[in-house]
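Remarks on the structure that follows.
The values are calculated or read from the model by the stated rules, or taken from the named source; none is laboratory data. Fair warning: this is a prediction, and the values are worked out from it, not measured in the lab. Reconstructed Cβ throughout: ideal geometry from the backbone, glycine too, with neighbour counts over all protein chains shown. For the accessible areas, the whole protein counts, side chains as well, though only heavy atoms, and no ligand, DNA or RNA atoms are used. Shrake-Rupley method; radii C 1.70, N 1.55, O 1.52, S 1.80 Å.
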Amino acid sequence: MTKRPVQRPYRVAVIGVGVIGACVGWHLSRQGAQMTLIDAGHPGEGVTDWSFSWVNASNKTARRSYFDLNSAGLAAYHDLATTIGPDAWWHPSGHLRWTDDPAAQADLMKTAGLLAGLGYRVEVHTGAEVRRRLEPALTMPDEVAAVFYPDEAWVHGRHLVSRLAGRTVAEHRFGTAVSAIDTGSDGGVRTVTLSDGTRLDVDIIVNAAGPGAARIAALLGRHLPMRHEPGLVTRITCARTPIHRVVHAPHLALRPDGDTTMVLHSNEVDAHIDTGEDPAALARRLHESARNVVPDLAGSSITESRVAERPIPADGYPSVGAVPSVPGYYEAVSHSGITLGPIIGRLLTTEILNGERAGSLADFRPERFPV
Ligand SMILES: Cc1cc2nc3c(=O)[nH]c(=O)nc-3n(C[C@H](O)[C@H](O)[C@H](O)COP(=O)(O)OP(=O)(O)OC[C@H]3O[C@@H](n4cnc5c(N)ncnc54)[C@H](O)[C@@H]3O)c2cc1C
């Protein structure tokens, strides 16, 4: 790949400081780039704070290259925890799943077999074993076969972003949105204008604006097609979190979020978001399911609930890398961004600074969406 004739250290503006922008910015600053982190709001308070935040590759088997990228994402988290230290952000406690539908149960076991064949760690336990060894508070039939993926995890997105941004040597422009991007005579990026009127000279821009990414691309005349797939996440508070890991029970996913808080989500409930049903009523439905699956949550109450837009390019896969028609402009836009943040940060940094295009991103490059 031909690199632009700009002098090092490159002046890089990362637009959007959610999990993806924070990971990209942290990797770039470690390699000596001159960084500006820009966010319209507060770092980590976008969709990253309203995610189910499950780090996994077991749910990404539809396409081999996507499974491989997510597996690399999982491994990158273990490296990241070694480098910056684990803490309140990192919870490698595994993932448990079972279902009450015979067809879905057959699919679950088929996927588990496929993953085991790929060297992905998987265990199968009866419901009785799960309660004895893993999650005593769960209601589930004694004889049901539950799949346990011990290497999967959940991440507290806001804590992770705060940890990474705090360790990134950068100028911070928070509470100001990017309102314009100017290009030079070669079509390459030159300046970024912020909503307070500030103009920043830049060599490189990384679009990590999550659900706002299409609007940033449009400032450069680029159409980045995105899906509309909102999701509802509900936080509840309880005396003491009775569940220790990510759990996919029939019709409900739940995980701890702290010592006295839990997060609830359900794809089935998400399907009702655009039907006009009150999100507060949907949240109450999630809460009722949670109390059925975990009777110890009887005294819990809903504290927060929000509908968030998933940042999903139109074909469902990430858009990561350089956009050749706009020199100096890079995209880092993805669903599963919690799982993929650290690996995207690492691979994109190598591409920006050394011009090396990772083979593992070949299926996910921005060029597949022509300007
Ligand atoms: C219901 C739900 C469940 C999910 N579950 C999972 C899961 O279990 N596992 C998983 O891996 N992923 C999951 N995801 C996806 C994951 O949450 C996202 O892919 C990830 O958080 C995206 O991070 P981001 O940094 O791209 O976006 P964000 O966190 O939204 O960050 C983008 C930032 O850009 C800023 N911004 C936007 N426009 C501008 C502008 N013009 N100027 C300056 N700043 C701007 C925003 O303020 C924001 O802070 C889920 C998503 C949803 C909605």
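Quick one: in the stretch 268-296, which of the residues that are out of contact with any helix residue (DSSP H, G or I) (no Cβ under 7 Å at 6 or more places or on another chain) and among the charged types (D, E, K, R) is most open to solvent (accessible area, probe 1.4 Å)?
Here the answer is ARG284.
Which numbered condition in (1) open to solvent by 30 Å² or more (accessible area, probe 1.4 Å); (2) under 28 Å from GLY210 (Cβ atoms); (3) assigned to a loop (DSSP other than H, G, I, E, B) is the only one that SER58 fails?
Every listed condition holds for SER58 apart from (1).
For the stretch 183-203, state whether one or more residues are modelled with pLDDT of 95 or more, more than 10 Å from the ligand (Cβ to nearest atom) and in contact with a Cys (Cβ under 7 Å, 6 or more places away or on another chain).
no
For the stretch 201-256, list the strands (runs of 3 or more DSSP E) that sit wholly inside it and hold at least 3 residues that are open to solvent by 10 Å² or more (accessible area, probe 1.4 Å); which are they?
230-237
Residues of the stretch 257-277 being more than 12 Å from the ligand (Cβ to nearest atom) and assigned to a strand (DSSP E or B), which ones?
Of everything in the stretch 257-277, those that are more than 12 Å from the ligand (Cβ to nearest atom) and assigned to a strand (DSSP E or B) turn out to be THR261, MET262.
Can you tell me which residue in the stretch 297-315 is farthest from ASP363 (Cα to Cα), limited to those that are within 12 Å of the ligand (Cβ to nearest atom) and out of contact with any helix residue (DSSP H, G or I) (no Cβ under 8 Å at 6 or more places or on another chain)?
Within the stretch 297-315, the match that is farthest from ASP363 (Cα to Cα) is ILE312.
Given the structure, is VAL294 outside the structural domain of ILE20 (by TED's automatic domain parsing), within 12 Å of the ligand (Cβ to nearest atom) and farther than 20 Å from PHE369 by Cα?
no
Does the stretch 33-46 contain any residue that is open to solvent by 10 Å² or more (accessible area, probe 1.4 Å), without any contact (Cβ under 8 Å) to a residue 60 or more places away in the chain and within 14 Å of the ligand (Cβ to nearest atom)?
No.
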